[in-house]
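The structure under discussion appears below in the form of structure tokens.
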Amino acid sequence: MGNLPYDVAHLLGTSVLVLSFGLLFQRRILGVLNIFGVQAGFLAAAAAWQAHIQHAPHLYITAAIALVFKAIVIPLALRRIVFRLRIHRTVETVLGVGPTMIAGVGLVGLSVILVLPLTHQSVALTRDDLALALSIVLLGLLMMITRRNAVTQVVGFMSLENGLILAAVGVAGMPLVVEMSVAFSVMVAFIIFGIFFFHIRDRFDTLDLQSLESFRGERS
Amino acid sequence: MNGAGLQLLQFLLVLLLAPGLTGLVRKTKARLTGRRGPGLLQPYRDLIRLLRKEAVIAENASWLFRFAPYLTFTALWLAAALIPTFAQRLPLSPIADLIALVALIGLGRFAMALAGLDIGTAFGGIGSSREVMVAALAEPAMLLVIFTLALLLGTTSLPDIAGYLATTNVGLRVSLGLGLVALVIVAIAENARVPVDNPATHLELTMIHEAMILEYSGRHLAMMEAASMVKLLLFVSLIACLFAPWGMALGEPTAASAAIGIAVYIGKLILAGLVLALFETSIAKMRVFRVGEFLATALLLGLLAVVFLFVSKGL
């Protein structure tokens, strides 16, 4: 016991996961954006800590990207969009908060059960980093399923991507190119989403994606 | 000093400090909201005044109504006195088990909820049903925290847990951190503090604790009030014992180490009272129907704590 590098990595990773649950729990759209910013901050801290204990300076760049873009720029930009669209009041959920939480815990259990047998030879650090990262990815997917509003779905997508970065920094020897391209694609996705928000809004007068279903002919 | 004397001292100490802690929280809250507030000794005066007053009992009250305050108070007082506060080993410490503690707290609540129903007034019934709802959500969360500790340390005995955490460097355990947050949420709900219930009001439809004891007066009310003060102290002591056991007299207590232990313990209580008051002034009371979600968070954190214990140890 008392193994500091492992404990701090574990602590930061778990904080990111707990904040994923916070995203599922929070109903107000501005609260969701704030939690997302804090989560990205913890992700940056986790990446910086990995850079420190793995002696891999390029991970500092990952940390800096996470901190600048995901913790500051994207939340602020989403905030502006939300205010311009005047939807900063509420978030409606398809499922209630209780069932969502139960589903979330089930997903965490699932990812632990999945990851542990696969990686039982590897060191503890990689093992629970992978379990945490997979849980965060699944919780991001769950958030995209349970929310109807386009903005919160995008936040779900971004938090899913936080899980991917957490997995990438936890494994020693991941090249910087991969992380850069992930970060870049998220940036592009964000811009496209931003444009789409306004288009959806113009056409349907709402950001509730359920109105798209009748348009696609899923519901008669 | 011999062991029996120290155990007796512990019984008296929790009883004497409990109204002081409540007074401190009230005073700090008053100061933080820009009021002067009653003095620290006001809860003591209130209790003495209530003890002197005549007890008025409703016509259709059964023996249960008169019996419940004493049972509630005794169960909680015993539970508070069992927790290692200033010394790790006392004569009664072999029975200071976490699960026994939960059972004693549950016994107190059971008596109080029955008394609320006994009179047959609408308010008492509402209070009891809400209290039981809160309890049904808080207890699983508390048990999960206990499981976390039991899995990590291999025991549910409070003196052993405190001794282990105070002497061994367990490092920065995520599970312990999650368990601490979960236990704090449970403590807030159990003590009917602000986001769940407002302890300072008698006249709200959303009240829980006050609704149950609305019909009590005189010495019965004094017992109920003292019980809730002791309960607040109990949870603070429990959190201090489980997550910050430093400073308590380890092993067989001597007079000197017990004195240091008492001083440190009072310091912890003051700190906890100030933090609680700060938290309560910075947050608004939530709707009764959101309490379930609030407590579900505690349950969730407890569950995550257990899961991550498995992850870090390997299944």
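The values are calculated or read from the model by the stated rules, or taken from the named source; none is laboratory data. Not measured: the values here are computed from a predicted model. Virtual Cβ from ideal backbone geometry, glycine too; neighbours counted across all protein chains shown.
Given the residues B:Ser237, B:Ser257, which is the only one that is away from chain A (no Cβ under 14 Å), small (Gly, Ala, Ser) and either farther than 19 Å from B:Gly177 by Cα or not in a helix (DSSP H, G or I) (or both)? Steps first, answer last, please.
Numbers: B:Ser237 fails: either farther than 19 Å from B:Gly177 by Cα or not in a helix (DSSP H, G or I) (or both).
The conditions single out B:Ser257.
Can you tell me which residue in region A:10-66 is farthest from A:Val182 (Cα to Cα), limited to those that are away from chain B (no Cβ under 14 Å) and of a type in the set (Ser, Thr, Tyr)?
A:Tyr60
For every residue, the table says whether it meets (1) without any contact (Cβ under 8 Å) to a residue 12 or more places away in the chain; (2) under 30 Å from B:Glu252 (Cβ atoms); (3) touching a Cys at 6+ places or on another chain (Cβ under 9 Å).
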site	(1), (2), (3)
B:Ala103	yes, yes, no
B:Arg109	no, no, no
B:Asp118	no, no, no
B:Phe123	no, no, no
B:Glu131	no, no, no
B:Ala136	yes, no, no
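Go through the residues of region A:53-71 one by one and say whether even a single one is under 20 Å from the mean Cα position of the chain (by Cα), surrounded by fewer than 17 Cβ atoms within 10 Å (Cβ to Cβ), more than 29 Å from A:Leu4 (Cβ to Cβ) and modelled with pLDDT of 85 or more.
Scanning region A:53-71, I find no residue that is under 20 Å from the mean Cα position of the chain (by Cα), surrounded by fewer than 17 Cβ atoms within 10 Å (Cβ to Cβ), more than 29 Å from A:Leu4 (Cβ to Cβ) and modelled with pLDDT of 85 or more, so the answer is no.
Pull up region B:14-54, narrow it to residues that are over 25 Å from B:Phe86 (Cβ atoms) and of a type in the set (Val, Ile, Thr), then point me to the one that is nearest to the chain's Cα centre (by Cα).
Going through the qualifying residues, I end up with B:Ile48.
Could you check B:Gly37 against (1) touching a helix residue (DSSP H, G or I) at 6+ places or on another chain (Cβ under 9 Å); (2) in a loop (DSSP other than H, G, I, E, B); (3) loosely packed, with under 15 Cβ neighbours inside 10 Å and say which number it fails?
With respect to (1) touching a helix residue (DSSP H, G or I) at 6+ places or on another chain (Cβ under 9 Å); (2) in a loop (DSSP other than H, G, I, E, B); (3) loosely packed, with under 15 Cβ neighbours inside 10 Å, B:Gly37 is out only on (3).
Out of B:Ala111, B:Ala141, report the one residue that is under 21 Å from the mean Cα position of the chain (by Cα), within 14 Å of another protein chain (Cβ to nearest Cβ), closer than 21 Å to B:Arg193 by Cα and modelled with pLDDT of 90 or more.
B:Ala141
Filter region B:260-295 down to residues that are among the small types (Gly, Ala, Ser) and surrounded by 20 or more Cβ atoms within 10 Å (Cβ to Cβ) and give me whichever is farthest from the other protein chains (Cβ to nearest Cβ).
B:Gly273
Look at region B:115-146 and say how many of its residues are touching an Asp or Glu at 6+ places or on another chain (Cβ under 6 Å) and either buried (at least 23 other Cβ atoms within 10 Å of the Cβ) or in a helix (DSSP H, G or I) (or both).
Count: 1.
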